[in-house]
1. Would you tally the residues in segment 452-465 being part of a loop (DSSP other than H, G, I, E, B) and either in contact with a Phe, Trp or Tyr (Cβ under 9 Å, 6 or more places away or on another chain) or on the phi > 0 side of the Ramachandran plot (or both)?
2. For the subset of segment 408-437 comprising residues that are open to solvent by 30 Å² or more (accessible area, probe 1.4 Å) and small (Gly, Ala, Ser), which member is farthest from Tyr355 (Cα to Cα)?
3. Could you please give the count of residues in segment 406-450 that are farther than 30 Å from Gly24 by Cα and assigned to a loop (DSSP other than H, G, I, E, B)?
4. Find the residue count for segment 330-354, including only residues that are open to solvent by less than 10 Å² (accessible area, probe 1.4 Å) and over 23 Å from the mean Cα position of the chain (by Cα).
5. Of the conditions (1) over 13 Å from Trp427 (Cβ atoms); (2) crowded, with 20+ Cβ neighbours inside 10 Å, Pro106 clears all except one; give me its number.
6. Please work out if Ser658 is small (Gly, Ala, Ser) and open to solvent by less than 10 Å² (accessible area, probe 1.4 Å).
7. Does segment 211-253 hold any residues that are touching a Cys at 6+ places or on another chain (Cβ under 9 Å), assigned to a strand (DSSP E or B) and in contact (Cβ under 8 Å) with a residue 60 or more places away in the chain, and which are they?
8. State all residues of segment 466-487 that are part of a helix (DSSP H, G or I) and open to solvent by 10 Å² or more (accessible area, probe 1.4 Å); if no residue qualifies, say none.
Amino acid sequence: MKVVGLVSGGKDSCFAMMKCLQYGHEVVALANLLPANDSVDELDSYMYQTVGHQIVVSYANCMGVPLFRRRIQGSTRRHDLSYNTTIGDEVEDMFILLKEVKKQLPSINAVSSGAIASDYQRLRVENVCSRLGLVSLAYLWKLDQSLLLQQMIENGIVAITVKVAAIGLDPSKHLGKEMSELWPHLLKLNELYGSNVCGEGGEYETLTLDCPLFKYARIVLDDFQLVLHDSNSIAPVGILHPVSFHCEDKPTSRNTTNGFYHENLGSVIEVQNESLEIVKEDTCPSSDLVFNLPELEKLKPCISKTQKDNTFTLSCWLQDPNQTSVDLQEDMKIVLLKIESELNEHGFSWENVVYIHLYISDMNIFAIANETYVNFITQEKCRFGVPSRSTIELPLSQVGLGKAYVEVLVANDQSKKVLHVQSISSWAPSCIGPYSQATLHKEILYMAGQLGLDPPTMSLIIGGPTAELEQALVNSEAIANSFNCSISTSAILFVIYCSKSTSIAERIGMQEKQNIILDQMKLVNLDKKRLSGVLNPLLLFVLVPDLPKRAFVEVKPVLFVDDDDDTEIVEDANDHVMSDRKHRTSPFDLCFQSEKWHDECVQECFVHGRICAVILSITTETANKICFNADNLPSITVEEKTKRVAKFCVYRLDKVLSENHFSWDDLMNLRIYYSTSHDISHETLSLIFKNVFDEFSETTKKVKTCNEPIFNVVPVIGSGSSATCMDDFITCELVARRT
């Protein structure tokens, strides 16, 4: 990509551009924001470093690329972490500056910044990039600061301190010092006081005088003044004010033009012809979708909905494709309109959605479906953060469904915490668009489906399914660490989607590799004393036709994140209350005599008495046992066999719930995976389970009877609790939460 580098003069922005070159990008221009008054060294800005701005003008000549500069007119108008277009805010100066860069250099498609740990700055750069159709590159994001500073020095960045403002840093001693000289002292301050080694907490600011990017000249600081801003005895604040400097040429010929005329190389372009008061939003896509409920209902979209009041699952699909299905884009529109209608009917909107499962019939045309998706789920509609998402191809048409099937998890409050990093970095795969890496709600972390992507290149890792799985787990761990947890200790459930292009041997290798990686991660967390409690996660393997980017594997972890502030705690001491929920035999249970193998087909994970996860795996062998009369398998049809299995599933799930003091009112989601090889339609299977639940409701009064099913039937190629055997007749995935 052709990149414009945001430069402040500091070491971080320069090293970020060096990383861009390392990953094959081309820095073709620079952009800098400076104070309106040249005599001012520092502004009261949350966004921009301006100390040393007098020297930044030389960067154009040093690098041989044009430098675009704008004098800051705005101020900090919006102080909260998230940012939306705000007239008069200093962020709009960046928007105007980069808008002009893009206008003059249309080939530019990415922006580099030196963000390391500041979500405040990263989110604002991402906001501007999104509005301008540019990609944010933040290759220093979340890197270890001690190692990062070492790499900067070892890679030839010569930078001096131009501001100090922290305990242990003395303006008279440390201003003007090169980082290579100051580095040991910064490491010591980190040990003593927890200071940020790279100055991310405002401890110090730097000015780069030379680096490998400076092909044509280096900067020599001839004279400067030390200005003491605060003589505080604990953490005095001082600034270095450049008085005079010059550029010293390097013996390098200017052969490259970066696509510009020679006379533009090293030029400085002032961007000052637009006022913040007339900033207009003209880049957000407008939706031409018209909501017509009567017309929509003629298409007969089907829905399912769990009954829990505060957190429930809502799904929609087209049941009769011969009459209603047109193409993937049209089916997506119908399904999303129906979900939007249902949300509105319950007093909710897309901002209440925590997670989205997007199932489509053909991954080859996913981009087309995504065009419709982004018209419904936008950052403007989701004030508290866009939901996380997983995207899977399913054999929908083989079971009589349309080309799109969408499932959303909905919460009736706004307590969710969303991690949405749109910048490409070395940290974890970026999410450029209206979907996030992870969403935390009520102590459950719902992570987006993770592919084996190399974060800085966003390409699938080379090495096949096992290598992809390892990278996907590493990516998942990076995201989990952002929530102060680990997939090795906090996971409730792993759903591992495997492409049909993987062999049985490869899937076995993947499962073995997963166990090794999680054990290694667990040891690391033990060494760091980060183990507050280790969960025994459930494993579910699902075989599907295809995955995004033709990946072999996609990992979807669900984690428990302990919240000390959570008041919704259910203690075991309340047994006198919970005793009423213990499993009592009902007429519905009499169809099944308790046997040892009933327990063998169940995986369970319970967290603090308030979160319950269950995988019920009904293999073909188990299904035959369920349907046996004495020693002989009766001669029954697939449909009759499925009815018997469905009844057992409800019976067994109910027993797990009630024996552990949960009820069906606690149900958040129930997915029923079934293989298309069993030659039964989605409609038939849904009706069978619906009838079983109706019978269960009438017999036990444990479930409310309603028109919509409380479960989602998901057609797959295969599923199971082990990668070695994904030929379950039926697999049930249940998650419940007590409140």
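The values are calculated or read from the model by the stated rules, or taken from the named source; none is laboratory data. The model shown is predicted, which means the values in this text are computed figures rather than measured ones. No Cβ is skipped: glycine too gets one built from the backbone with ideal geometry, and neighbour counts run over all protein chains shown. Side chains included, ligands, DNA and RNA excluded: accessible areas come from the protein's heavy atoms. Shrake-Rupley method; radii C 1.70, N 1.55, O 1.52, S 1.80 Å.
1. Qualifying residue count, segment 452-465: 7.
2. Ser426
3. Total meeting the criteria: 7.
4. Of the residues in segment 330-354, 4 are open to solvent by less than 10 Å² (accessible area, probe 1.4 Å) and over 23 Å from the mean Cα position of the chain (by Cα).
5. (2)
6. yes
7. Ala217, Arg218, Ile219, Cys247
8. Scanning segment 466-487 gives Thr466, Ala467, Glu470, Gln471, Val474, Glu477, Ala478, Asn481.
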